[in-house]
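Here is the structure we will look at, set down as structure tokens.
Readers should treat all values here as calculations from the given coordinates under stated rules, not as data from a laboratory. Note that this is a predicted model, so its numbers are computed, not measured. Every residue, glycine among them, receives a Cβ derived from its backbone with ideal geometry; neighbour counts consider all protein chains shown.
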Amino acid sequence: MRLQLAPREVRTCQGRDKLTTRQFDSFTTGFAAPEDANTAVCVLPGTELAFATNVSSHPRWAFGWKITIKQTTAIFRQVNKDEPHTHHDALEFPDGHFVLLTHLVEGQEATVLQLPAKAASATEMRTHEPLALIG
């Protein structure tokens, strides 16, 4: 998550973390630590999340309305990265639909199920290359 929010603290999520959706001072919704609403939690693309209940969001076209997405699991993604001055953080649901994180209703609880796999360094990749045959 690219943070241009206004929290007091920022940290990266860990496996099994509990998160809560929160609207920060910049009127951008993101994830916060439930024990401290002023601590923004960075979520890496590819992180799998499980919500305590069906996810609710505010549709773009209807200010003040709320819709329920009948899904409780999602993968954190970044979308429209080639478009500046727009939100990029989104959730991808098992049915293929995407919802921007900033459209989520505040106060929803989620748990980090799995962090994304880390990319291997060039040195690590070389240790897994097949050896040349000498014949």
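What the table shows:
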item: Order by protection proxy (mean Cβ within 10 Å, highest first), peptides 44-50, 79-85; result: 44-50, 79-85
item: Order of Phe98, Phe93, Phe27, Phe51 under a 10 Å beta carbon neighbour criterion, fewest first; result: Phe27, Phe98, Phe93, Phe51
